[in-house]
Amino acid sequence: MNITLDSDAIIRRVPKVVPVIDRNNKTQREKAFAAEIADRYRTRWMKTGNQVPKATPAAWQTWLFPPQSDLALRFPTRRESFAAYSFADIWHCAQESQAEFFKQNFAGKVVLFGTVLNTEDRKITSGRLISEHLQSNAGPNCTQSDTPSLSTISDLTQTIPGVYIQATVIDNLLNGSELRMARGEFGFVTTLLISILGALAISLFSLPAALAVCAALFGLVIAAFMAGFENSFVLPFLAPLLALGLTVMVVYPYRMFVSEKSGRSLKKVFANYVSPNLAKEILANPDAVVPGGTRRVATFLFTDLENFTSLVETNNAEETLEELNHYMGGMIRIALDHGGTIDKIIGDALVCMFGAPVEQPDHAERATRCGLALDIYAQEFRKRPQAMKLGFMRTRIGINTGEAIIGNNGGDIFFDYTGLGDTVNTAARLEGINKYLDTRICISGSTHDQCPSILTREVGDVILKGKKDLVQTLEPLAENHRGAEWLSVYGQSFAALAAGNIALAKELFEKVIAIRGADPISSFHLQRLKDGATDTTIVFESK
């Protein structure tokens with residue numbers, strides 16, 4: 001009765017007024033059945049001095065959700081569903097004159113009479129997925145007569161009787177709970193805004209951050225729709241989500257294959273000439289590429305190939321360069337794997353920094369472990385047939401931690417990202433003293449203080465060429481030496497030397513050599529003792 005179907009035969013809305021042919025064969029517009037019932041109820045109820053509650057929408061609600069000519073149905077939830085009574089039971093109740101039952105259950109309410117059958121007057125509605133509960137709210141029986149239960153009459157999960165639809169319309173009209181559709185302009189603006197925000201996120205943020213923003217927008221649209229629907233407001237839903245998905249599918253490929261293509265190409269070129277850490281920093285902050293630097297604590301690592309000048313002079317230049325490139329390639333890969341930034345490559349020498357330009361709280365440990373890995377690699381590289389043929393010697397490594405000025409050094413035309421200061425010079429000097437100690441790696445006490453878990457042994461308190469201050473110097477060792485007898489004896493010998501017990505120190509240094517077979521640092525200290533040294537202070541007059 002006064003119910004219209006959408007094109008897909010589903011009832012989602014009903015007209016508030018319907019065309020009627022009058023006696024003069026003219027078309028008039030009259031209130032629909034449910035609207036008429038609702039108005040009569042409101043009028044009759046008000047005559048008794050009662051007010052029928054009806055929410056008055058705010059001005060912004062009226063603008064955003066304008067009145068519609070048709071009423072969009074909002075079907076009741078389980079707790080709001082209508083009470084249904086068996087007509088047979090009601091008839092028997094009237095026969096028994098149970099007036100109190102009628103007063104308790106029907107006074108002041110709209111009562112509709114209708115059929116609940118499997119064969120007729122059944123409709124598919126927009127509430128079909130939530131309407132299975134409608135039959136569950138059966139009203140109490142008045143009599144003990146043998147009347148059928150409503151729950152056995154019909155399966156209401158897909159279709160519902162027309163009387164329930166009319167009841168929903170009346171309920172919506174009386175309580176103002178019908179669904180209110182947002183105006184088209186709001187939907188357009190919302191869809192456009194969501195698309196713009198998604199496009200900006202994909203264009204400006206990293207992929208994980210962009211996906212997080214898009215997921216948040218997706219969730220926001222769904223949450224807003226659900227919150228609005230709870231209050232009978234229908235906000236834009238499908239269009240914003242489709243627009244957001246389309247934006248992601250269009251903008252992200254554009255970013256990957258068009259806008260960032262030149263950046264990736266430039267980064268690839270940079271990677272051949274500039275450390276990846278530095279290339280990433282330049283691409284991320286191009287405005288920062290200006291002369292100048294800042295003070296920061298970092299760790300510097302220097303390497304040098306022993307007697308390389310003689311090697312070049314006595315071998316074929318092309319063969320030497322080819323083997324050197326193999327050697328340096330492996331050294332650089334190890335440095336980068338440990339997070340190092342390549343400062344410069346000078347022939348056979350490599351200079352790395354850790355802790356700049358990328359912040360690395362563990363820069364000292366990274367550098368020390370990198371030095372140990374470089375030492376293993378260099379020792380293995382020397383065993384290559386071509387390296388043996390050319391006469392590759394040991395690789396010396398020096399590592400120091402401290403404050404330095406790090407930044408772009410040079411003029412306004414060309415400059416180099418590097419570190420300057422005493423910390424850098426000390427790292428270079430530590431690399432150089434390996435040739436006097438007959439060692440391969442030396443690190444400073446300032447480096448060891450930041451990574452005490454790495455196994456080391458003390459070399460001495462060194463005064464480097466051109467320096468006045470003592471530099472505590474240590475040799476980092478591989479983990480397989482931890483707990484070794486020779487290392488324990490060496491610790492005792494160094495402690496004896498530091499205490500001035502020359503005789504005991506000499507005896508213990510000799511014991512280290514006896515246990516280990518050969519130990520360059522113990523031999524170095526024994527020679528110092530023969531030359532009259534009485535403590536752990538070592539002075540180097542040359543680099």
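Where a number appears in this text, it was derived from the coordinates with a stated rule and is not lab data. Here the structure is a predicted model, which is why all the values come from computation and not from measurement. Note: ideal-geometry Cβ built from the backbone for every residue, glycine included; neighbour counts use all protein chains shown.
So if I average 1/r over every pair of distinct C-alpha atoms in the range 483-543 and take the inverse, what Kirkwood radius in Å does that give?
When all Cα pairs of the range 483-543 are included, the Kirkwood radius is 11.6 Å.
With θ taken as phi - 60° and the coefficients 6.51, -1.76 and 1.60, list the Karplus ³J(HN,Hα) couplings across the range 476-482 in order, rounded to whole Hz; mark glycine and proline as x.
Values, residue by residue: x, 10, 5, 4, 5, 8, 4 Hz.
What FRET efficiency, computed as 1/(1 + (r/R0)^6) with R0 = 30 Å and r the Cβ-Cβ distance, is obtained for L420 and T314, rounded to the nearest 0.05?
0.30
In the structure displayed, which of K467/K530; K383/K468; K389/K467; K467/K511; K465/K530; K389/K465 lie more than 31 Å apart, Cα to Cα?
As for pairs spanning more than 31 Å Cα to Cα, those are K383/K468; K389/K467; K467/K511; K389/K465.
Students often get this wrong: which residues of the range 173-193 have the backbone nitrogen under 13 Å from the point 7 angstrom along Cα-to-C-beta of Q61?
175-181
How far, in nm, would the chain grow between I346 and E306 when pulled straight, counting 0.36 nm per residue and subtracting the alpha carbon separation?
13.0 nm
Taking the Cα-to-Cβ direction at D535 and at R44 and moving 7 Å from each Cα, how far apart do the two end points lie in nm?
Going from the D535 label point to the R44 one covers 11.3 nm.
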